Every structure is written in structure tokens, then in C-alpha cells.
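Heads up, the thing below is written out as C-alpha cells.
The values are calculated or read from the model by the stated rules, or taken from the named source; none is laboratory data. Being a predicted model, the structure only gives us computed values, none of them experimental. Glycine also receives a Cβ, built like all others from the backbone with ideal geometry; neighbour counts cover every protein chain displayed. Just the protein is used for accessible areas: all its heavy atoms, side chains included, with ligands, DNA and RNA removed. Shrake-Rupley method; radii C 1.70, N 1.55, O 1.52, S 1.80 Å.
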Amino acid sequence: MLDHLSGGRFEFGVGRGASPFELAALGVDTEQSAKMYAESLEIIRAYFESDELTYDGAYWQIKKLPVEMRPAQKPHPQIWYACASPESAAWPSRNGFNIVCGGPSDRLRAITDAYRSEWNASMLKDRAEPMMGINRYIIVAETDEEALNIGRRAWPTFYQNFMKLWIKNNSQPITIKLPPDFDTLVARGQAVAGRADSVASTLAAQLEAGGLNYLIGSFVFGGMSFDEAASSIKLFSERVMPLLKNAVPATSDRTVLQTQQA
């Protein structure tokens, strides 16, 4: 329905989930979750292309399910997959999925190199290269210090909410490593905060060094106020985006302004 309402512009992301506590609350065995995830995605993709769906899997059995509405895009909307390591890049590459990374800057190139290597070795190499993007927490202000202070105040609230179950169970995520303080997040390249010119140059450098062609910005998080977020997004659109287009000509000009709040 969303694909039709948007005129064929809908895209969606899929992920298995990283928290064993959330999976356990849903009655999912973490050792089986990867196989269950792959099977459920196979069902969704088959549903997109069917008039009537029958599926006999290890976890789900579906018999003659009528498909009342197929997507506007054929065979289906673009699929996004979160990639945390070079080892996890092969599967989405073979399936032609777009990928998004959110980790430290020094790991990005290894992921995109692995993705492209698998892509070039596959039967899909003659098609247009998929999107390979990063997700970054972005704050733009009139001065670097103002942007950093907003992040320092807003980030602890996000961190406490994001890590709530991990903290409660005295544990840490295996792949999603987020520091409790904003300055460390910036030092790792996972957040970019400052004046428009410094934000643009930092993001351009990350995109180029990482072999990336797509940017997703998380502009609202934690204890940030509406006015702070609105001002940051306005400055980004008016001052950062033009600089990014000039600095990285090979980077797609499709920029998603994705908001997150916790």
C-alpha cells in the first residue's frame, strides 16, 4: 500500500535484531534466529511476486494465501540490510540488497570492499551497483562548540534507552558498540557535529574513504529539543548538502533525512 501511495518510491530495511533479550521475550531461540530470519525474508519476497502464496519451510507453512495487493515496483521495492562487518556483506551482495553501516569509520572500507568483491563475482555485476551507505548522528549549529554541547546533553538519554536491557542484564552487544559519551562517538566518526563546513568536510571524507555512495542522517535523538533538531536539519539542507554535492561528485544526491528519537 505504501509503495502505491508513494508512486513507487517506497524502500524498506530488514534486520534480524541484535538483542537476545528482545528475541527471548518473543520466544525466539537466538541460535535459530538467523535461519528464521532468512526464511521469513524469503517468504516476504515470494509474497511480493505472487498472486497466491504457498510455502513449505522449516519454520513456517503457508497454503494458498491470496495476495490482494502487489507492490507498484517490480519485482519488489528496494531492500536495505544493515551490515556490521565484512563477513556479513556477502549475503546482501548476492541478493542485490542495498546496505547501510553504522560503525566506526575505520571499518567502513573493509565492508564496502567485501560487498563489491562479491558483487563483481556474482551474476548481478551487469546491473547498477546498489547503494552502500552510512548512518550518522548529525548535529549542525552555528559553531562547533554549540553543536558538541547539544550532543553531549542529548546523547546520554539516547544511550540509556538504547542500552536499557543490556545494562539490566549486565551485558554488552557483540556488534553494536556505542559509547556512553558523545565525544567518544564523535572521535569514532559515528557522530558528526559542528559548523556546516566542518560537518560537510567530515562527511565527505568518510564517504570517500569508505567507498560509500549514500548517507543517512539521524538528526533527532535523546534529549534534543525540537528547536535544536529543526535548526540542525535546516542548516544541513541549506549549507551542508550543497557542499557535499560539490565535494563528492560520485556520491548519490539521494540523501535520506531519517529521524530517530529515544
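Computed values, structure above
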quantity: Estimated FRET transfer efficiency when R0 is 25 angstrom, pair Leu65-Lys35 (beta carbons, to 0.05); calculated: 0.70
quantity: Accessible-area composition of the chain, carbon plus sulfur, in percent [1.4 Å probe]; calculated: 53 percent
quantity: Ratio of the Cα radius of gyration of the range 94-154 to 2.2 N^0.38 Å, where N counts its residues; calculated: 1.61
quantity: Eligible aspartates and glutamates near Lys164 by straight Cα distance, threshold 12 Å, same-chain separation 8 or greater; calculated: Glu22
quantity: Nearest-ten-degree value, helix 226-235 long axis tilted from longest Cα axis of the chain; calculated: 90 degrees
quantity: Approximate spin-label separation Glu49-Asn169, in nm, with each point projected 7 Å along Cα-to-Cβ; calculated: 3.6 nm
quantity: Interchain or long-range residues, amide H under 5 Å from Ala193's placed H; calculated: Ile139
quantity: Global geometry of the range 1-133, whether rounded, prolate or oblate, following the gyration tensor of its Cα atoms and the 1.5 cut on a/c; calculated: oblate
quantity: Candidate lysines - alpha carbon under 19 Å from Lys168, same-chain residues fewer than 8 apart omitted; calculated: Lys177
quantity: Fraction of antiparallel bridges per DSSP, the range 1-144 only, in percent to nearest 5; calculated: 30 percent
quantity: Contour minus Cα-Cα distance for Val28 and Gln78 (0.36 nm per residue); calculated: 15.3 nm
quantity: Charge tally in the Cβ shell below 14 Å around Tyr59, where Lys, Arg are +1 and Asp, Glu are -1, Tyr59 excluded; calculated: -3
quantity: Relative contact order computed over the chain (Cα-Cα under 8 Å; 6+ residues apart), in percent; calculated: 18 percent
quantity: Largest-first principal axis extents, alpha carbons of the chain, Å; calculated: 60, 45, 36
quantity: Per residue solvent-accessible surface (Å²) - the range 31-144, probe of 1.4 Å; calculated: 54 Å²
quantity: Lysines with Cα under 29 Å of Lys63, excluding same-chain neighbours fewer than 8 positions away; calculated: Lys35, Lys74
